[in-house]
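Q: I'd like to ask you about the structure that follows.
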Amino acid sequence: MERIKLKHNKKRNTAFLFESLTKELTKAIVAKDEKRKALVLSIIKEHFKKGTSLARELDVYKSLYESRGLPKETAERMVTEAKRIYFGLNQHNIFNDQSRIINDVNRQLGPAVFTNFMSNYKDLATIAQIFDEEIPMKSRVILEQYLVERISTEDNTQTLKPIDNLVYKEFVKKFNDKYGTALLEEQKELLTKYIASFSDGDFDFKIYLNEEISRLKSVVKNSNNLNEGTHRKDILGVIDEIKNAQINHEVIEKVLKLQGIVKEIS
């Protein structure tokens, strides 16, 4: 891709605002800071609840930065459709709502929230720039080509969306066949919430999963039934690896296995 230097106001990027708050929520959960967790949740739920201008814009962003491995023609159509929907949104309302959420974050959480690192920042900035009509047309076309290539590239960490409870039953069967044991209560809870996220959205599930991963890590760190050598380091390494991974079947299976291990050492 041709190197393009363009200005990008990240605080006026709705997807960046959402991802920054999600990162902050994860940090609060790991730190067991219930007060900050509640503050972050209240801001997210108020400004990104269904039907708000920011939620509608975020949906457009997500359709692009969460898609991977599609045929190039489909990716091109997605970019075109995303632009059509985006330019049909009320930009005045979006700007005002962005101002309100930025103000809430600054007052209640502090501006450091906007410095949270995110690995997909380049994609978020690229999407914002293809929506910016003040950017030269040539630059926007080059950025669109880059985005199409990204969407067309296979990504092993992409989110997999099963269709119904038949997938759940098959997933449970495979897990039981593989590990030869009935599911624990915490494993059943994980799978139940995972399936519910298909229709209810994955935000609540992400909160639950972050809390569960934090619990598992704490048990492993404090267990007297593990030595300080390879086993403890290996388990903590797996936990750290899945903590930042996108949710898919492989990640869920790893958490299920970790739940079984933690049950044994508790």
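Q: Looking only at region 203-235, count how many residues are out of contact with any helix residue (DSSP H, G or I) (no Cβ under 9 Å at 6 or more places or on another chain) and at pLDDT below 85.
A: Going through region 203-235 one residue at a time, the tally reaches 8.
Q: Next question, about the same structure. Which of the residues spanning region 53-102 are closer than 23 Å to Leu21 by Cβ and among the charged types (D, E, K, R)?
A: Once the filter is applied, which keeps residues that are closer than 23 Å to Leu21 by Cβ and among the charged types (D, E, K, R), region 53-102 yields Arg56, Glu57, Asp59, Lys62, Glu66, Asp97, Arg100.
Q: Taking only region 14-68 into account, find how many residues are of a type in the set (Asp, Glu) and either in contact (Cβ under 8 Å) with a residue 60 or more places away in the chain or not assigned by TED's automatic domain parsing to the domain that holds Asn116 (or both).
A: So the count comes out to 3.
Q: Out of (1) of a type outside the set (Gly, Ala, Ser); (2) under 21 Å from Leu256 (Cα atoms); (3) in contact with an Asp or Glu (Cβ under 9 Å, 6 or more places away or on another chain); (4) at pLDDT 70 or above, what's the single condition that is false for Leu160?
A: With (1) of a type outside the set (Gly, Ala, Ser); (2) under 21 Å from Leu256 (Cα atoms); (3) in contact with an Asp or Glu (Cβ under 9 Å, 6 or more places away or on another chain); (4) at pLDDT 70 or above applied to Leu160, the lone miss is (4).
Q: State which residue is modelled with the lowest pLDDT when the search covers only region 180-192 and only residues that are in contact with a Leu (Cβ under 8 Å, 6 or more places away or on another chain) and in a helix (DSSP H, G or I).
A: Leu191
Q: While we're on this one: When you scan region 97-112, do you find a residue that is free of Cβ contacts under 8 Å to residues at least 24 places away in the same chain and on the phi > 0 side of the Ramachandran plot, even just one?
A: yes
Q: Considering only region 106-118, how many residues are at pLDDT below 85 and over 13 Å from Thr22 (Cα atoms)?
A: Looking only at that region, the number is 0.
Q: Of everything in region 127-143 that's closer than 17 Å to Asn13 by Cα and not hydrophobic (A, V, I, L, M, F, W, C), which residue is surrounded by the most Cβ atoms within 10 Å (Cβ to Cβ)?
A: If we take residues in region 127-143 being closer than 17 Å to Asn13 by Cα and not hydrophobic (A, V, I, L, M, F, W, C), then Gln129 is surrounded by the most Cβ atoms within 10 Å (Cβ to Cβ).
Q: Test Asp123 against the stated conditions and say whether it is under 29 Å from Thr26 (Cα atoms), at pLDDT 95 or above and acidic (Asp, Glu).
A: So Asp123 fails the test.
Q: Also: Report the residue count in region 144-154 for those that are of a type in the set (S, T, N, Q) and buried (at least 20 other Cβ atoms within 10 Å of the Cβ).
A: Residues meeting the conditions: 0.
Q: Still on this structure, please answer the following. So if I check each of Thr52, Thr22, which one is of a type in the set (Ser, Thr, Tyr), more than 27 Å from Arg215 (Cα to Cα) and surrounded by fewer than 21 Cβ atoms within 10 Å (Cβ to Cβ)?
A: Thr52
The values are calculated or read from the model by the stated rules, or taken from the named source; none is laboratory data. Here the structure is a predicted model, which means the values were calculated and not measured. Glycine gets a Cβ as well: all are built from the backbone with ideal geometry, and neighbour counts include every protein chain shown.
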